[in-house]
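All remarks here apply to the structure that follows.
The values are calculated or read from the model by the stated rules, or taken from the named source; none is laboratory data. Predicted model only: the values in this text are computed from it and were never measured. Ideal geometry is used to build each Cβ from the backbone, glycine not excepted, and the neighbour counts take in all protein chains shown.
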Amino acid sequence: MERNMKNNKRKIPGMLYILVSFIPWIVYWTLAGMGYKAGIIIPLAISFLLIISQVRKRDFNLMDITSVFYFSIATAGTFIFNLNIFMDQSGFLGYSVLFLMATLSLIIKQPYTLQVSKRDYPEIYWKEKSFLAINNVITGFWAIIFIANATIFLLLGIPFTIILSNILIASGIVFSIFFPLKAPAYFLTKEFKKYDWSVRVDPQKPKEENEFDVIIVGSGIGGLTCGALLSKRGYKVLILEQHHQVGGYCSSFKRKGFIFNAGVIDVSGLWESGPVAYILKQLGLKKEDFFSKNTAKYILKGREITIPDNLDDTVEMLSKLFPDEKENIERFFEDVRISYGECYKEAEVYGTPLPPYLFVRAFGERKLADYPKEHASFYAWIDKTFQEKLDESFKNEDLKSFLSGLCAYTGTEPEKTTALMALTVWMGYFIHGGYFTKGGTQNFVNTLSSFIENHGGKVLVKHKADEILVEARKVSGVKVGDKIFNAPVVVANANAKTTFLELVGEGNLDREFVDYIRRLKMSRSCFVAYLGVNMDLSDYPTLIKNQDEGYEIAIISNSDESLAPKGKSTVLTLTDASYDDFPERGTEEYEKKKRELAKDAVEKAEKVIPDLGKNIEVLEAATPKTMERYTLIPEGTLYSFDQSVGVKRPHFKTPIKGLYIASASTFPGGGIEGSTISGIICANDICNWEVRAT
């Protein structure tokens, strides 16, 4: 790859090469216009020189081929058949031929500028629809210039032909250079610009008691991340939480000495350039005080597969399990390592990867144009499903199944999961591992909450937002009961459906946007059995993922022994579940189904941990309807909206000026790392992207 990049650096930039291809024609029109027959021989010689290297590489530029054919015919016609037309009508004939060349290339869907453009981009980008579309426009522009110049030479004389034709050629070269730079940025930001408003917030301005710089509705990890960063930067922040404690899905509860997480068992983003690690660093917190690395084991086709602590050992382990795929495994994971690193390449600047429309804003059009070159491996994961990536890499179906074992972390199957999401979520755990929160997730979110309060902010629990106040499509504050809290910026750390359809109200939004929000399909949820057992299970790994029967066991006290009384263990079992599978909460049918599923969860777990059921001291269960009750997330979904291929999440900026979204509802999606990223992005945007990572 390094050799290819060095070769690319030695090449003439693609669109500038168009100027090189024009050299024989410029010589032709100049000398022929002066009456010199050498004006045909010399361009022919130059054309042959240009095409020699192309013949050797079998990589031809259509314009250079056209030059060879035209000047060969012109030479024969002039010197063998004594025809003067190639001299007398050099401008008209030359531009007419170039027009036909450009038009034909468009007809056969191989625009002639495509070949020169390939000089600037890795091969994976050549198949992109946008790459072809941009070259169609550029080639079409040149076709117009060619026919216009042909017409000029047919109808006008010197000096108008020289002046006008050169002006048009110069405009074509300028367009060819700048359009590929401007077009991607335009198309990527076109929709977002509708929402890309700016609100001025002055942290130094004196404020009344109920007046704030920023109000955050909800205290999930996205909201707390945003609030903590803004508090550190001097903003007066208010957090409003409807529950009696902060955290959302990151909350914990205690029963008879056993501490349970509501659902979080495996946290990513804690490697050196990870977003969660960034937050810790920004707030002056130490990773080892809040997180410990998980150990994990998979069960596949009855075989137990223990995951090593690092990627190299994992590759070696898999190569032994699947010897026929050894080379493919090594190649695949080397690609994973490089691609993952490229994905987070710019994270060191703002603490997080950015969606394309923000990448342009943060780094500029040139950086976007260079993105395919600078992220060549990562780019190969874009616009594919993970199943497609697996199929092109492996033949063994068991190996493919194993590598898809973290599908519960996105709520999607491999064939419905973008390769990009699988890379950043599923494969990220193989590269850097997953972590559990020491003291339970409540310990971590309480620390974020305290940080906000210690930096002049307020965190109010049991304060359910009733309305996000909007005046003339601009937020002014939040209403809680009979209390009004004012702020020029509101961050909704809530599901987008709740935010727009209930808190903002349909009357403040366009019908088209409301319909879009209503159509969004919710993601999957789960059934969780919380077990406090009178057993020492420290010999087991923290996480046991049974791919054969579709459930997961998390012995969270193995990551932090303080989560269970001495000699005992805290265990969670998690199974995929649908909201609609459960009767109305509070009915006998609902309670009966909970009991049945809890019993089934224990029986399944006993296949891995014998006698578990005989030693249970605490047994509680949560259904999707339980999740909905405590978090107010519609249908109790884990990842907000469905994360399948083709689902378009709302932007973090909304149609209401001053209203942001920082949650799993927006980019990049669900999970602790995903929600943390959304919080970082909101905080950076509120600060006008003036604060960079340190």
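In table form, for the structure just shown:
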item	result
Gly439, sole failed condition from (1) surrounded by fewer than 21 Cβ atoms within 10 Å (Cβ to Cβ); (2) in a helix (DSSP H, G or I)	(2)
Selection count where residues are more than 29 Å from Pro356 (Cα to Cα) and aromatic (Phe, Trp, Tyr), scope the stretch 417-468	3
Meets criteria (in contact with a Gly (Cβ under 8 Å, 6 or more places away or on another chain) and not aliphatic (A, V, I, L, M)) for Asn688	no
Output for the stretch 281-305, where each listed residue is in contact (Cβ under 8 Å) with a residue 12 or more places away in the chain and at positive phi	Lys301, Gly302
Candidates Asp59, Asp64, filtered to the one that is among the charged types (D, E, K, R) and in a helix (DSSP H, G or I)	Asp64
Some residue of the stretch 566-573 being of a type outside the set (Gly, Ala, Ser) and closer than 20 Å to Glu635 by Cβ	no
Residue among Gly274, Gly223, Gly247 that alone is at positive phi, buried (at least 18 other Cβ atoms within 10 Å of the Cβ) and in the same structural domain as Ile672 (by TED's automatic domain parsing)	Gly247
Failed item in (1) touching a Gly at 6+ places or on another chain (Cβ under 8 Å); (2) surrounded by fewer than 23 Cβ atoms within 10 Å (Cβ to Cβ); (3) not small (Gly, Ala, Ser), with Thr410 passing the rest	(2)
Yes/no for Gly507 being among the small types (Gly, Ala, Ser), surrounded by fewer than 19 Cβ atoms within 10 Å (Cβ to Cβ) and in a helix (DSSP H, G or I)	yes
Subset of the stretch 360-370 [free of Cβ contacts under 8 Å to residues at least 40 places away in the same chain and within 20 Å of Asp196 (Cβ to Cβ)]	Phe363, Gly364, Lys367
Looking only at the stretch 480-495, and only at residues there that are more than 23 Å from Ile633 (Cβ to Cβ) and in a loop (DSSP other than H, G, I, E, B), the one that is farthest from the chain's Cα centre (by Cα)	Asp482
Residues of the stretch 648-694 that turn out to be of a type in the set (Asp, Glu) and either over 19 Å from Pro203 (Cα atoms) or in a helix (DSSP H, G or I) (or both), as a count	2
Qualifying residues in the stretch 412-427 (those that are in contact with a Leu (Cβ under 9 Å, 6 or more places away or on another chain) and in contact (Cβ under 8 Å) with a residue 60 or more places away in the chain) - the one farthest from Ser401 (Cα to Cα)	Val425
Verdict on Gly477 being surrounded by 18 or more Cβ atoms within 10 Å (Cβ to Cβ), touching a residue at least 24 places away in the same chain (Cβ under 8 Å) and outside any helix (DSSP H, G or I)	yes
Set Ala598, Ala664: member being aliphatic (A, V, I, L, M) and touching a helix residue (DSSP H, G or I) at 6+ places or on another chain (Cβ under 6 Å)	Ala664
Scan of the stretch 308-318 for residues that are part of a helix (DSSP H, G or I) and surrounded by fewer than 17 Cβ atoms within 10 Å (Cβ to Cβ), ordered by number	Asp312, Asp313, Glu316, Met317
The stretch 451-468: number of residues that are crowded, with 19+ Cβ neighbours inside 10 Å and of a type in the set (A, V, I, L, M)	4
The stretch 567-591 residues that are basic (Lys, Arg), paired with ones that are surrounded by fewer than 15 Cβ atoms within 10 Å (Cβ to Cβ) and not in a helix (DSSP H, G or I) (beta carbon under 7 Å, 6 or more apart)	Lys568/Asn534
Condition check for Phe212: modelled with pLDDT of 95 or more and of a type in the set (Phe, Trp, Tyr)	yes
Residue match in the stretch 577-585 (condition: at pLDDT 95 or above, in contact with a helix residue (DSSP H, G or I) (Cβ under 7 Å, 6 or more places away or on another chain), crowded, with 18+ Cβ neighbours inside 10 Å and farther than 25 Å from Tyr298 by Cβ)	yes
Residues that are assigned to a loop (DSSP other than H, G, I, E, B), without any contact (Cβ under 8 Å) to a residue 60 or more places away in the chain and surrounded by fewer than 21 Cβ atoms within 10 Å (Cβ to Cβ), drawn from the stretch 376-391	Ile382, Lys384
Some residue of the stretch 418-432 being in the same structural domain as Ile299 (by TED's automatic domain parsing) and not in a helix (DSSP H, G or I)	yes
Residue that is nearest to Asp370 (Cα to Cα) [pool: residues in the stretch 104-133 that are of a type in the set (S, T, N, Q) and surrounded by fewer than 17 Cβ atoms within 10 Å (Cβ to Cβ)]	Ser130
